[in-house]
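The values are calculated or read from the model by the stated rules, or taken from the named source; none is laboratory data. Being a predicted model, the structure only gives us computed values, none of them experimental. So basically every Cβ, Gly included, is an ideal-geometry build from the backbone, and we count neighbours across all protein chains shown.
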Amino acid sequence: MPSARKSSSRPPKKKSDKQPKSVDDGSIRLNKYISNSGMCSRREADMHISIGSVTVNGKVVIEMGYKVKPEDEVRFDGARVQPEKKLYVLLNKPKGFATTSSDAKGKTVMELIANAGGGLRPIGRLGRNSTGLLLFTNDDVVMQKFTNSKHGVDRLFHVHLDKNLTYDHLKSIRDGIKIEGDLIHVSDISYIKGSSKNEVGVKIKNTGNGVLRKLFGHLKYDLIKVDCVMIGSLTKKDLPRSRWRHLTQLELNSIMMM
């Protein structure tokens, strides 16, 4: 009589819940790659892709959502598509300009950098009456680096108040203040050396400076002047008010390593 098979004592293997890590290789959708070049809009690019007018590395691609890498050769009706050049512009903003792309009520910072290049957007905001450094880019990776308030890039503000800031209030701000249920932290705060106690330096990672008004307003101080004097390691040196310049590769590398 044949012997019965022994049942395995090993428990069945469980499928891992872990998902493979995605690798950011710089790939973007083909329609965005084409629209970034300025040749046409994304919607128009989709139409041209669907009728076989676009090739990637010599092969016709009609798949919607197809992704290409920076090193791929993309051609549109036989012409080589050149991806948009990444730009990084530093402006020393004057008073009276809104940090928006369009403003029916007055002037915007876009007027000040009109000749700096296409597709630029401001990273964060400075109030209309605030002054100082403001960055612009058309690079989504750098934009994300700055808009991540937890791991972003510090900005240093020189703040003038309507009265002296008490040491107790300075310590409270440094420790973190809860306002309307939200705990507001600053990276650092200190008095300005050689100035009166109504002038302080405040370092924050927030891309907007509205948090300063909220913070000091909660403690019954009015902001008289707000000036952004540093972004990461970038300063206003050799950059007069209302002027702009392109970042050097060394400056960009320094920011991205923060």
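In this structure, does L212 turn out to be closer than 30 Å to M110 by Cβ, aliphatic (A, V, I, L, M) and touching a helix residue (DSSP H, G or I) at 6+ places or on another chain (Cβ under 8 Å)?
In short, no.
Consider only pairs whose beta carbons are under 7 Å apart and that are at least six residues apart or on different chains; among these, list those whose first residue lies in the range 50-66 and is at negative phi and whose second residue is of a type in the set (D, E) and surrounded by 12 or more Cβ atoms within 10 Å (Cβ to Cβ).
Filtered contacts from the range 50-66: V56/D72; M64/D46.
How many residues does the range 202-218 contain that are over 26 Å from L250 (Cα atoms) and surrounded by fewer than 18 Cβ atoms within 10 Å (Cβ to Cβ)?
5
Can you tell me which residue within the range 180-199, out of those that are under 25 Å from the mean Cα position of the chain (by Cα) and β-branched (V, I, T), is surrounded by the fewest Cβ atoms within 10 Å (Cβ to Cβ)?
I184
Yes/no per residue for (1) outside the structural domain of R243 (by TED's automatic domain parsing); (2) in contact with a Pro (Cβ under 6 Å, 6 or more places away or on another chain); (3) modelled with pLDDT of 95 or more; (4) outside any helix (DSSP H, G or I):
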position: G96; (1), (2), (3), (4): no, no, no, yes
position: S102; (1), (2), (3), (4): no, no, no, yes
position: K105; (1), (2), (3), (4): no, no, no, yes
position: M110; (1), (2), (3), (4): no, no, no, no
position: N115; (1), (2), (3), (4): no, no, no, yes
position: G118; (1), (2), (3), (4): no, no, no, yes
position: R128; (1), (2), (3), (4): no, no, no, yes
position: L133; (1), (2), (3), (4): no, no, yes, yes
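Restricting to the range 219-240, what's the tally of residues that are among the basic types (K, R) and surrounded by 14 or more Cβ atoms within 10 Å (Cβ to Cβ)?
Going through the range 219-240 one residue at a time, the tally reaches 2.
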